[in-house]
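What follows is one structure encoded as structure tokens, with my remarks underneath.
Coordinate-derived values only; no laboratory data. Keep in mind the model is a prediction, meaning the values are calculated, not measured. So basically every Cβ, Gly included, is an ideal-geometry build from the backbone, and we count neighbours across all protein chains shown.
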Amino acid sequence: MKAGSLFFCFSLILMLQACESEVSAPPATDYSSIQTISFSQHVQPLLRAKCAVAGCHSSSAMAAGLSLASWNELVLGSTHGEVVIPYQPSHSLLVTLFNGTPKRKLHPHLERYNLADEEIEFLERWVGEGARNDADQVPFAGSTRRLYVCNQADDKVAIIDIDALVVCRYVDVGASPGNDAPHFVVANEDFWYVSLIGAGEVWKFDARADTLVGVANVQGSPAILALTPDGNKLYVSQFMASSTNSVAVVNTATMSVMSNILVWTMPHGMSINHVGSRLYVANMMSDNLSVIDVATDEVVATIPMAYDASPFGPSRYMPMEVAVSPNDSLVVVSCSEMQEVRLFDATTNTLVDSMVVGDQPWHLEFTPDGEFCYVCNRRSNTVSVLHMPMRYAMEAIAGPQTLAYPHGLDVSADGRYTFASSENVNHLFLPRYNMEYVGNISVIDNLTNQIIKVLEVGEMPTGIFVQD
């Protein structure tokens, strides 16, 4: 080849290399100039460059079960739960892992795939505006199958989407500077209600917008709630240590206290039967149940826990929580100081059996078919499974690092899952990235009685409620 031809070829190669260099290194994105965020144009390219890469959170690698390769995959989270909570960047792991949030453990690949300050601020903005996709959809905006979780130590209610098994919202509750202590929650398809045991209030929220629509002032320390099937009346146990206590009856339309029903000492757990005719109230320090006629709001019976139970104390059995079987034939009561569950015939109001469970049984609930009853054992860090037809305690589900002072419990309407909240006051559960000892929700597969997922929530989760 002639010298001129060689020179021409060499020049052409240099020009092609220069072009390739220009294509592979596009100018940096000016995130501050973006007025309307497009997920596909702005967010997805950033995630693909820094997170959805080989060996990390791509569709093929899915480290920790998380793919960030698309919006649909992102909102489903990882095997450990959600990474984005719409409108709340301060609770979204996708942001807090990178923005220097105090008390946050470092991501193991932070040095390799770190984000610039402007990139972090842009992700915060996207999440704060609802973490929307290109169709302007907000994750889980239409969620109807929900689990509500009271975080008693940080004045928040977490909302979990039952289909995706991720936390999809946090709602602030309470208005005082101190801790108002959300303790229990009930819901129907229109509204949800939460008791603030530290503020003497019950708050009512719209179930679609999660906005506050009413407040009831309830004397004493409102604890457990029971909502009538028609949603017109809300019963509130007033958890006080006076010689005689009461249950408040709240008109849900006006959020005003209609009356107070006198029961026995320290009423706590309550449950309405499924036809809505009877309310059962566990009086902790009187070792008995009060049976209230829902139509008249009068006490029609008092059921002692045992023949040797004295209503004047001291309490031997300490009835804590109540559940009613799906066919309304049985009332079961957790006796927290006797490590047993007691069964009462709902027609005769008589004791028919008892079953030994773990130490300090608290919340309990039937499966929809009535075949099983699940019970939290707080001091044993277990959940007992009771086979009701045979009156047999089958097994105790243990989660050495997950069930940590289990408190609340509920069962999904299809019977597929049992959910248990763990206070984690004993610090057995170690959060994955949070250096604070937040609690969790353990998701139990009722077919295998195995814990299949653990979702971190807020501090000291207590009462929980399934609405699906």
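Quick notes
- Relative contact order %, the chain, counting alpha carbon pairs below 8 Å whose residues are six or more apart: 9 percent
- Using distinct alpha-carbon pairs, which all enter the 1/r mean, Kirkwood radius of the stretch 36-128 in Å: 13.2 Å
- A cut-off under 11 angstrom between Cβ atoms defines the neighbours of residue 79, and their net charge, with Lys, Arg +1 and Asp, Glu -1, is +2.
- Ranked from largest, the principal axis spans of the Cα set of the chain equal 114, 45, 35 Å.
- Ordering of 81-89, 128-136 by burial proxy (mean other Cβ atoms within 10 Å per residue, highest first): 81-89, 128-136
- Helices in the chain, meaning DSSP H runs of at least 4 residues, each add -39500 (n - 2.57). Divided by all residues, the mean residue ellipticity at 222 nm is -3000 deg cm²/dmol.
- Ellipsoid equivalent to the stretch 267-307 - semi-axes via the Cα gyration tensor, in Å: 18, 10, 9
- Calculated on alpha-carbon atoms, Rg and Dmax of the stretch 72-201 in Å: 16.3, 50
- When peptides 327-336, 63-72, 208-217, 302-311 are ranked by their average number of other Cβ atoms within 10 Å per residue, the highest-first order is 327-336, 63-72, 302-311, 208-217.
- Using only alpha-carbon positions in the stretch 178-302, the gyration tensor eigenvalues give semi-axes of 22, 17, 11 Å once each is multiplied by 5 and square-rooted (largest first).
- Distance from the C-alpha centroid of the stretch 299-339 to that of the stretch 220-297: 15 Å, rounded to the whole angstrom.
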